[in-house]
Amino acid sequence: MKTILITAGMLILSNVFMTLAWYGHLKSLASKPWFIAALISWGIALFEYLLQVPANRIGHEALTIPQLKIMQEAIALTVFIPISVFVLKEKITLDTILAMLCIMAAVFFIFRSKIMGA
């Protein structure tokens with residue numbers, strides 16, 4: 001369980017950097033040329049990868065690759081929504097909530113055997 005928690009924590013931090021690298025420039029660098037935004041985003045993404053790669057290596061000690069992928073997607077959306085709302089000033093919609101519920105259902109199914117003990 002400790003391995004899974006460490007993995008999740010590192011993926012959460014990684015996704016903060018990922019979200020800012022992928023979408024932060026739309027708000028803060030909108031008036032700059034795209035290549036400036038790309039260079040700054042690549043710099044931010046370096047920190048994402050410095051966390052994401054070891055997180056997946058650590059996580060693979062206890063989880064399958066599909067479990068790691070679904071965990072990553074759930075964390076990505078969980079991190080994305082608050083950053084989208086509070087930092088990027090986007091409105092949350094019913095479709096966003098429904099999409100998140102679908103991803104959470106995927107988390108349940110991929111971890112069902114661990115949850116149910118089967």
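The values are calculated or read from the model by the stated rules, or taken from the named source; none is laboratory data. Computed from a predicted model, the values in this text were never measured in an experiment. FYI the Cβ positions are ideal-geometry reconstructions off the backbone, even for glycines, and counts take in every protein chain you see.
Brief remarks on what is shown
- Qualifying residue in region 82-97 (condition: of a type in the set (Lys, Arg) and surrounded by 13 or more Cβ atoms within 10 Å (Cβ to Cβ)): no
- Failed condition for VAL53, given (1) surrounded by 13 or more Cβ atoms within 10 Å (Cβ to Cβ); (2) within 15 Å of the chain's Cα centre (by Cα): (1)
- Residues satisfying the stated conditions in region 9-30, i.e. at pLDDT 95 or above and either surrounded by fewer than 16 Cβ atoms within 10 Å (Cβ to Cβ) or among the acidic types (Asp, Glu) (or both): GLY9, ILE12
- Residues that are closer than 15 Å to ILE4 by Cβ, part of a helix (DSSP H, G or I) and either within 13 Å of the chain's Cα centre (by Cα) or free of Cβ contacts under 8 Å to residues at least 40 places away in the same chain (or both) within region 56-93 comprise ASN56, ARG57, ILE65, LEU68, LYS69, ILE70, MET71, GLN72, ALA74, ILE75, listed in sequence order.
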